Every structure is written in C-alpha cells, then in structure tokens.
Amino acid sequence: MRLSLLPLCLSLSLFFFSLLPLSGLARPFVLVLTQEDLKDASSSSSSDEDPISSDSSSSDWDDFDSSETKPDDELDPGSWRPIFEPGDSDSKPKTESELLYYSGVSKMVSAASSGEPRLMEEAAAEIEAATGGGNAHAQSALGFLYHMGMARERSKGKGFLYHWFAADGGNAQSKMALAYTYLRQDMHEKAVKLYAELAEIAVNSFLISKDSPVIEPVRIHNGAEENKEALRKSRGEDDEDFQILEYQAQKGNAGAMYKIGLFYYFGLRGLRRDHPKALSWFLRAVEKGEPRSMELLGEIYARGAGVERNYTKALEWLTLASKQQLYSAYNGMGYLYVKGYGVEKKNYTKAKEYFEKAADNEEPGGHYNLGVLYLKGIGVKRDVKLACKYFIFAANAGQPKAFYQLAKMFHTGVGLKKSLVMVGECVFSKATALYKLVAERGPWSSLSRWALESYLKGDAGKAFLLYSRMAELGYEVAQSNAAWILDKYGGRSMCIGESGFCSDVERHQRAHSLWWQASEQGNEHAALLIGDAYYYGRGTERDYRRAAEAYMHAKSQSNAQAMFNLGYMHEHGQGLPYDLHLAKRYYDQALEIDPAAKLPVTLALTSLWIRKNYADTFLVELIDSLPQIYPKVDAWVENVLLEEGNATILTLFVCLLTVLYLRERQRRNAFAAAGEVALPQQPGDRVAPLAN
C-alpha cells in the first residue's frame, strides 16, 4: 500500500517509517502539517468541539490508564499460545467447545508439519464442530481455512463472514483480518475503527520509559536467496555469537550480562521471553555498576514482570539509573509522579520537570510524555499546537506511542481544524496507517516467533501455516515469507488444498496472491515477482499489460531490475508502446541505480543502436530470435552436455585435449631453446671428459 502525500504546506514535516526493522523494502511516507492546520488551545476548550476534556485529572493519562499489566492470553483471547508455549500460558480450555477448538488447531498444526491432508480434514471438522456452540475463536480459525482453501473450498466470502462473527465475539486476530480487508478495499472509515481498538490493546503492553517490547519480524529471504545472516542471529541459545556473549557474561562482563538480560526480557534473537532469567542477569549486571540494567529493573518492579510489583523499588532503581546519565529513566520517574505510585502524592510539576530533562537530552519518550501533558492539560495550560510539536519529534525518532497519539488526532479530529478534518478519506487513511503500525506490535505478533522457530528447525510446513495466518492479518513480512516458502519448498508435501495436496496451479496461485499483497505494502521484490508471473504466465495467464503495471510499481521504489524490464518492454512493444527513446531512458536509469547492471545495460543499448540504425535487416531479426534460441541452447546444454554420462565423457575428452596441447607446447619450446642456445660443434673440437 502506497500512501500519498497530504497536500498541505511545508511547515512541520513528519517522516513515518515502519516500526519493524526491515531491510529497506518498506518505504516511508510523508505527512505535512502547518500551524494553521491545528486548533489553538482556546478554540478547542469547549466540549462540543473536542471529545477530550481539559480536566487535568490523572485518569485522563492516556499512556497508562491502569498500571495493571494484562497477560497476553487476556489481550489476545483464543491465541494459539497454549499449543506453542504450553508452559507459559495461563489459559486452559474450560468448555467443551474450547477443548474441541484447541484439539482442532493442534491437529491443523500437526497436519501442516507432517503434510497429511487427512489429518487436516479431521482438524477442519473439529474446528467447524466447535463453531456450532458459537465459539468465536473456532470461527476465526475456520475463516482462516476458508480464506486459504485448506480442507475447505477457497472462499473469501465465507472467510470474511466467519471472521466477522469471530470479531463480533471478541477475537482480536479476526479484527486484524477484517481491518486489513477493509484497508485493501479503501474502506478506511471501517478499518480505522478496528485498528484504533487493536492499537489500544497493543499500547497496553508498552513500557514506561523504553520503547515497547517487540518480537523481531525476521525476513527469511533476501530477494530470491535465503537470508542466512538474519537466520543465524535468530537461533537463540544455539547461536555461536550468543554462546560467546554468555561466556563473557559468566566471566564478569557487565555489558554482556545486560545484553543477555535484555534478550530474555523481550524475547529477542530467537530466545523465549523469560523474566526470571532476565531479572537474574540484570541484578548481576548492576553489581558491576551497569546503568541500563538499573533502568530495566525499575521497569520490572513497576510492572511486576516476574516479581511482585513494588513501586518504591521501581523509583529507587530508576533514580539510580538517572544519576548515571541514563536520561530515558526520567520518563519512568515522571510517570510514577503523575500516577502517584511509590511517592507521597501526585506531583505534576515534578513529573513535567523529569520529562523535560529527558526531552532536553534528545530522549524521544520525554517529548512524547510532554506532548501528552499539553494535549490533556495535565499540570499545564492545554496547548494542542505544542503537543503536536512534541508528538512529531517523538514520532520522527520512531516512538510508537507518538504514532498512536497522532493517529487519534486524525481519527477524532482533536486539535485539527474542521477544514482539515473535512478532507475525509484522506485523513482517515493517515489515521488507519498509523494505527496499523502500532496494532502490529500487539500480542498476536507472537505468531512471527513461532513461525521462525519452526523454520529454523526445518519444519517448513508449520512455518508456512503460521506465516499464512499472519499474512491474513496484514503483516507484509509474513506475506513475503509465506510466498517465498511456497516457491522454494512447494515441491514438498506442505501445500494442502481443498482435497489433498495443492496442484502446481493452486500453489502458484496461492504464492501469486501472497506476493501481490506484499507488493501492495511496498515490497519491491514482491512487485518484481508479480511482474514476472504475468510476463511469463507463471500461475496466471500471460498478460504483458499487467506485468508492466507490476514493474512500474517496483520501479517507483527504485528497483533497477524493474527499470531494465520496462526498457525491454518498450523496446519490443510488449504491454507498453513501442518507444526506443523511453527504452533507452529506462536502461540508463537501471545503470544509475545499480552499477552492477553495466553488462546487461550495455548489451541492451547495443541492441537499441542496431534496431535504430539497421531496421528491417537480418541483424534485427537475429536479435529478436535470441529469446527463442536461448531456451533451446540452454535445454541442449542441460539435457545433453550435463547428462551424467555425457558430462563424464566430455570432461575426459577436454582433459585429453589439454594434456596433448600442453605436451605439444612443451616440445616446441624445447626445440626453440635448443636452436638459440646450442652452438654447432666444429671438426677437431675436443670434448672434455665427464668427471667421475
């Protein structure tokens, strides 16, 4: 999905980047606001114009209305966590329909792993039986099966219907699926309501002073090749780098202790979250004076993560960290004073001072928290313009909570003049995109970790199932990962269709659909593959016009291969007008973007020169015949020369010729040397006797 530039004047420019660490495939979009677009504080004081009251009560504190941390099972009901993390899940099936639902999901996962269509049919039957009792989570899983066409006919209509009922019953993942469906159809008014609710759930798990916990979404491929470096770093305790780090920590390296604690606390680098282990490593690190561990100990005690909640201890640790010039700790201290936790009483003035200290030292959380103070008028005179300024600074630094607040401003019109709010769909689209960025950090993102773990264990079928579930929820990384697995491992018995294994046509269609969705969200490699599919007729009918559209999409993201392909299509009039000038322009652009394209571009420009100067000659006919000749030559090399027996004979023959050539050259060199050095013996010359 490409987001257009909001046509407003350049006064405050905000670059919104995806919060996920992608390898340059997801593109930023730009939002521009002017001071004139924002309401003055005085103009937004009346409750009829502004849905947010200017009451300075701390109950209006949006960041943490309640410090009680809800478990993921409660935030994401019906999650598959009991299957993948049975020891960490507090959720246990209580009713017969829940037992049937989890039994069906367990069989579905096993069927995908082992490639057993009959087991998948049993799973689908159990899940469908569970829906009879109105189980929303079973309805969500059945919607997924219809959407994918696994053990059920592929039907987007039935999939949507089951997701609608499941969302109505409280299933968060179905809400994500519906929101993404509405987004693809440009139904932003419906999408924004769902994404707003989901983003709020995600924000509930964010921390006080640091960025929110995030499960790293790893792209398992880099173009057409496996992303070996990223996968190596995701092997958890089996990773050699982690083992070296652990060894250093055992030897007393405080920095290594902190990093290991961090990995366990957030569940990074392929490790499962383990708060007791994290606490142990942080405590060992602070004994060595490591300040970052002090701050996270403050977070742990404030949230009661693996320990009994203790706000007094939280304040003590945060204070110690701030004295070590760890400025983000001031955010946690300010939060405690706003809420009145671990201190004698609420003190908004002191909270503001702490937030300002953080902001003065370029700490994004400080700017965000000041923005909330001024937006709500907590301890200060309400000033929407100043609040917006702080939010923009925080968002530029990637602060997810700032994205959430700006999304709310666009969604509700808070602080924006009516003339801007009346833009309608344009404003809703911005709010939708911002909410989506935050919502994708919700607890349902655990699917990404389970999928990666499965892939690293060599279980491509299970990984494909989990990535497909995430793809349905709108995760671009999951869409491209699932499509890549299908293309790479499609020959294995992992693609299960309506009845039995997928045919090649079904597999290509499924991969095509996933690549297309990824391309809509800015994945240039996906757009390139979609163009190739239409150009060569892979998994779909050959369509040069649609191929050109896909290449144009990839070209807009500065993809050199797409530019070259567009030049070729202009040169031959395939799907695009026959235009040698445009063809040359695209070839030149491809070379500017990627210097490695020099050889193909040089050959293409040579072809253009021949076509222009020797039109209607045998040279042009020869050039045009090359695409038909090459496959035949390639097939001859593969089927004749590279056939095992022929290849052996050919190799021996080449070796024999090489030996004969080298011996002949040696003989000639010897004769030449003898002719230049040896002198003719004269009659009567006496030869000296050889020494004994």
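Could you tell me which residue of segment 537-572 is surrounded by the fewest Cβ atoms within 10 Å (Cβ to Cβ), considering only residues that are out of contact with any Phe, Trp or Tyr (no Cβ under 9 Å at 6 or more places or on another chain) and not hydroxyl-bearing (Ser, Thr, Tyr)? Of everything passing the filter in segment 537-572, 537 is surrounded by the fewest Cβ atoms within 10 Å (Cβ to Cβ).
Set side by side, the residues 446, 513 differ, and just one is out of contact with any strand residue (DSSP E or B) (no Cβ under 8 Å at 6 or more places or on another chain), modelled with pLDDT of 85 or more, among the polar types (S, T, N, Q) and under 29 Å from residue 268 (Cβ atoms), which is 446.
For segment 535-556, name all the residues that are without any contact (Cβ under 8 Å) to a residue 24 or more places away in the chain and over 16 Å from residue 570 (Cα atoms). 536, 537, 541, 542 - these are the residues of segment 535-556 that are without any contact (Cβ under 8 Å) to a residue 24 or more places away in the chain and over 16 Å from residue 570 (Cα atoms). Of all residues in segment 209-226, those satisfying the criterion of being modelled with pLDDT of 80 or more and buried (at least 18 other Cβ atoms within 10 Å of the Cβ) are 218, 219, 220, 221. Per the conditions (1) outside any helix (DSSP H, G or I); (2) under 19 Å from the mean Cα position of the chain (by Cα), the sole criterion not satisfied by residue 513 is (1). Counted as qualifying within segment 252-330 are the helices (runs of 4 or more DSSP H) with 1 or more residues that are buried (at least 19 other Cβ atoms within 10 Å of the Cβ) and in contact (Cβ under 8 Å) with a residue 40 or more places away in the chain, namely 254-266, 291-303, 311-323.
Can you find, within segment 587-624, the residue that is modelled with the lowest pLDDT among those that are closer than 25 Å to residue 563 by Cβ and polar (S, T, N, Q)? Result: 613. Looking at 440, 453, just one residue is buried (at least 24 other Cβ atoms within 10 Å of the Cβ), at pLDDT 85 or above and acidic (Asp, Glu), and that residue is 440.
Just one of the numbered conditions (1) under 28 Å from residue 464 (Cα atoms); (2) modelled with pLDDT under 90; (3) in a helix (DSSP H, G or I) is not true of residue 87: (3).
With respect to residue 513, is the statement that it is at positive phi and among the hydroxyl-bearing types (Ser, Thr, Tyr) true? So residue 513 does not fit the description; no.
Only residues that are crowded, with 20+ Cβ neighbours inside 10 Å and over 33 Å from the mean Cα position of the chain (by Cα) were counted across segment 343-376, and they come to 5.
The values are calculated or read from the model by the stated rules, or taken from the named source; none is laboratory data. Values in this document were obtained by computation on a predicted structure and should not be read as measured data. Positions of Cβ are generated from backbone atoms using ideal geometry, with glycine treated the same way; all protein chains shown enter the neighbour counts.
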